[in-house]
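Okay, structure first, notes after.
The values are calculated or read from the model by the stated rules, or taken from the named source; none is laboratory data. What you see is a predicted model; the values in this text were computed from it and never measured. Positions of Cβ are generated from backbone atoms using ideal geometry, with glycine treated the same way; all protein chains shown enter the neighbour counts.
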């Protein structure tokens with residue numbers, strides 16, 4: 001018995017709902033499918049399927065075994081794709097992750113460029129404001145902001161971002177420019193939970209480190225809404241510099257309290273493959289690293 005073929009036959013019976021339909025999909029006779037599944041059951045000494053004249057039902061043991069079979073066959077397929085993609089054109093599915101706004105501003109243009117270059121690759125983008133476990137969730141490449149914990153991951157630094165306080169020029173003209181973090185007590189505050197504590201902002205380096213309590217007039221869970229509010233003149237907010245790069249370029253926002261900023265946060269491109277990186281991952285890494293290092297707002 002070819003165990004892998006038998007696994008494939010078993011899964012096809014489940015997916016198609018019967019032996020005859022599985023045989024049609026596999027382009028073999030129904031007796032061949034029946035024999036392979038029967039040999040699989042005999043080899044393990046368990047019943048995987050319950051057969052009746054009308055239908056085929058999977059047993060509890062069969063359902064558990066089916067999940068394991070799918071993982072095994074997927075791992076084999078991935079291993080074969082990895083071996084063949086070491087050379088030649090990149091191909092297959094590439095999974096990447098970053099925070100939502102960073103993904104929108106920086107990663108999406110890289111993905112678009114990459115897909116236009118390599119027609120045999122598809123990309124799944126996980127743009128989430130949470131840390132995605134690269135290994136557990138099968139991610140190929142991640143862009144991380146902030147210091148990295150020690151791990152077996154491969155990381156390449158591509159830039160840095162600052163934690164800045166900003167406001168619209170019209171607001172600063174009307175209410176004055178704060179000269180120290182303590183001056184924030186006299187200003188209207190917008191706090192976004194994605195960057196800092198809603199009620200406490202951090203400033204300074206080394207012995208000058210300090211935390212200043214603020215009383216927000218508006219709190220929000222999204223950085224986009226905080227940006228919109230301060231551009232409209234509602235007050236000051238603390239965000240990461242890359243998040244407001246377009247507004248700084250066009251002049252709709254200005255940065256204040258520059259001399260009190262905390263240390264910059266590094267930006268890394270992270271992947272879980274070592275020296276034997278697949279062709280699809282290597283080509284994406286090369287493009288992402290070159291593009292991000294060349295972006296003035298990250299360097």
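Computed values, structure above
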{"quantity": "Strands (runs of 3 or more DSSP E) enclosed by the range 1-114 - at least 2 residues per element that are surrounded by 12 or more Cβ atoms within 10 Å (Cβ to Cβ) and under 24 Å from the mean Cα position of the chain (by Cα)", "calculated": "92-98"}
{"quantity": "Matching option when the condition is surrounded by fewer than 17 Cβ atoms within 10 Å (Cβ to Cβ) and either assigned to a loop (DSSP other than H, G, I, E, B) or modelled with pLDDT under 95 (or both), among 151, 196", "calculated": "151"}
{"quantity": "Scan of the range 154-182 for residues that are at negative phi, out of contact with any strand residue (DSSP E or B) (no Cβ under 7 Å at 6 or more places or on another chain) and exposed (fewer than 15 other Cβ atoms within 10 Å of the Cβ), ordered by number", "calculated": "170, 173, 174, 179, 180"}
{"quantity": "Selection count where residues are within 19 Å of residue 177 (Cα to Cα) and not in a helix (DSSP H, G or I), scope the range 212-236", "calculated": "11"}
{"quantity": "Residues located in the range 237-268, provided they are part of a loop (DSSP other than H, G, I, E, B) and touching a strand residue (DSSP E or B) at 6+ places or on another chain (Cβ under 9 Å)", "calculated": "253, 257, 261, 262, 263, 264"}
{"quantity": "Residue check for residue 129: in contact (Cβ under 8 Å) with a residue 24 or more places away in the chain, closer than 29 Å to residue 201 by Cα, outside the structural domain of residue 236 (by TED's automatic domain parsing) and loosely packed, with under 13 Cβ neighbours inside 10 Å", "calculated": "no"}
{"quantity": "Subset tally (residues that are modelled with pLDDT of 85 or more, more than 14 Å from residue 265 (Cα to Cα) and exposed (fewer than 12 other Cβ atoms within 10 Å of the Cβ)) for the range 137-148", "calculated": "0"}
{"quantity": "Residue 129, sole failed condition from (1) on the phi < 0 side of the Ramachandran plot; (2) in contact with a strand residue (DSSP E or B) (Cβ under 8 Å, 6 or more places away or on another chain)", "calculated": "(2)"}
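Here's the yes/no breakdown for (1) more than 24 Å from residue 12 (Cβ to Cβ); (2) in contact with a helix residue (DSSP H, G or I) (Cβ under 9 Å, 6 or more places away or on another chain); (3) at pLDDT 90 or above:
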position	(1), (2), (3)
55	no, no, no
65	no, yes, yes
76	no, yes, no
105	yes, yes, yes
109	yes, yes, yes
113	yes, yes, yes
120	yes, yes, yes
129	yes, yes, no
135	yes, no, no
